[in-house]
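These notes are about the structure you will find just below.
Here, each number is a calculation from the coordinates, and none is a lab measurement. This is a predicted model, so every value here is computed, not measured. Cβ atoms come from the backbone with ideal geometry, glycine included; neighbour counts cover every protein chain shown.
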Amino acid sequence: MATMITKEKRTEPRIAAEELQPKLIQKQEERAAEAPVVEENETDRPWSVFGTKKLKEKKNGYTHVSLFSGVGGLDLGFRAAGFRTVWANDIDPDACDTFRDNLGEIAEGDIRTIGWPKLEEPLDVLSAGFPCQPFSNAGSRRGVSDRRGDLFNYALEAVRELNPRVVLFENVRGLLSVKIGRKLLIEEILQQLHNQGYDCQFKLIDASNHRVAQRRLRLLIVGVRRDSDLGPFRYPQEKPKIGLSIGETILDATPDLPNQGELMQLNPQAIELGSYIPEGGSWKDIPYDKLPERLQYIRNNMEKYRWPKFYARFHRDDIAGTITAAFKPENAGVWHPVETRVFSVREIARIQSFPDWFVFGGRSVKSKYQQIGNAVPPRLAYEVALEVVNVLEGHKPRTLTDFLKEKRPLRPSDKAIHYEP
Ligand SMILES: C[S@@+](CC[C@H](N)C(=O)[O-])C[C@H]1O[C@@H](n2cnc3c(N)ncnc32)[C@H](O)[C@@H]1O
């Protein structure tokens, strides 16, 4: 029963307000020092969860097999959330070099011939972002008739062979309209996963709702193995887009940052066209007589070409558009908001939420743009990985006892805390 506070009990010596204040401040400072670096405010830059130097893997962390790993955007996000990549694979030598330099071992080779690893421990999560070019709007849209389109079969085979507790497939929205025979490919994938014992769901996610400074739509298919005692998967909650503008993301990048001096060199004509475009503008700001013939023809037939927005130069207060692997100054909004140049390799890495310590290697600047454009934004991966942890932990709710043990302030982003007497 609750004790009533009587007037008598209140007669104990009172601490003077002036005395109490420094004690409270000291306590708050101690708690702040113990709290993780990430805070839900403007100081939470998209990449701040990854710290300022290479991120070590957590010993005994959850196990992760990563297929089509590229430079490891997804692996970085999962590592920050407490996962260990026990096997990763990609065919691209440049992406593999970058992966090795920043994250560690990767098996380089074609997934069709490399063979599955013998794992020494049960597998918690298998991720696969099979190539999206055959399905994406930026690509040919030939779907599964494209040679790369059959690669999803290898992801499904890996699921059969390695029996992960959770499966995560990542792809572009275009996957939803691809057909395989008479059936939609998405249905085929879900059906096969279901038959292999997984409860599945899929969702289209905009990375800018998950602390990434970029509007980037991605399809996330998640399967949870039915025979294990796991919690349900919930997609991460959307978060406010505070601090995600292009200006806040790139304008403080100093020349000494890795990859900041690396830029795609444009031809004089492209530079001239770009110089007519103000911040927030596009090719519509270029005088007609300065346009090359091909673009004049399109300008004369705008309806036929569905009002294209070539040479877009976003305003520094805007959120960037999707960084693509092709990185064409004509088709994608890759112009620097205030300088007559396109974004540097470091700038697009930041837009994709890679930390500044993550260095991109490879034979050419073009390859670096491609590696970054192909990547899953690590911050989005991190937000998803936290939810996968909840699944693996059986979604045990956080209790008052857990909360008190953690000794950190409650944040608006925290899930509700349960009281167990
Ligand atoms: C969309 S990217 C994946 C991005 C990555 N999951 C990440 O988190 O950053 C697709 C990757 O598939 C790789 N790839 C394409 N064909 C392959 C094959 N036959 N075997 C292995 N990897 C392949 C490409 O090199 C590319 O890095």
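Amide H to amide H, with H built 1.01 Å from N, Arg341 comes under 5 Å of His336, counting only residues 5 or more places away or on other chains. In the structure shown, the pairs Lys54/Lys203; Lys203/Lys239; Lys239/Lys415; Lys58/Lys368; Lys284/Lys304; Lys58/Lys415 are assessed against 20 Å; a Cα-Cα span above that value is assigned to Lys54/Lys203; Lys58/Lys368; Lys58/Lys415. Taken one residue at a time, the phi angles of the stretch 95-112 give Karplus couplings (6.51, -1.76, 1.60, θ = phi - 60°) of 4, 5, 4, 4, 4, 4, 5, 10, 10, x, 5, 8, 7, 8, x, 7, 4, 6 Hz. Gly and Pro are set to x.
Each of Lys290 and Gln191 was given a label point 7 Å from its Cα along the Cα-to-Cβ line. The distance between the two points is 5.5 nm. Taking amide H as placed 1.01 Å from N in the peptide plane, the amide H of Trp87 sits under 5 Å from that of His64, Ser66, each at least 5 places away or on another chain.
With respect to the chain, whose longest principal axis is taken over its alpha-carbon atoms, helix 152-162 is tilted by about 30°. Taking the number of Cβ atoms within 10 Å of each Cβ as an exposure proxy, the fewest-first ranking of Leu176, Leu190, Leu380 is Leu176, Leu190, Leu380. Based on Cα contacts under 8 Å between residues 6+ apart, the chain shows a relative contact order of 19 percent.
Within the chain, antiparallel bridges make up roughly 50 percent of the DSSP beta bridges whose residues both belong there. Extent of the chain along its three principal axes (Cα atoms, max minus min coordinate, largest first): 92, 55, 40 Å. The ranking of Met264, Met302 by Cβ neighbour count inside 10 Å, starting from the fewest, reads Met302, Met264.
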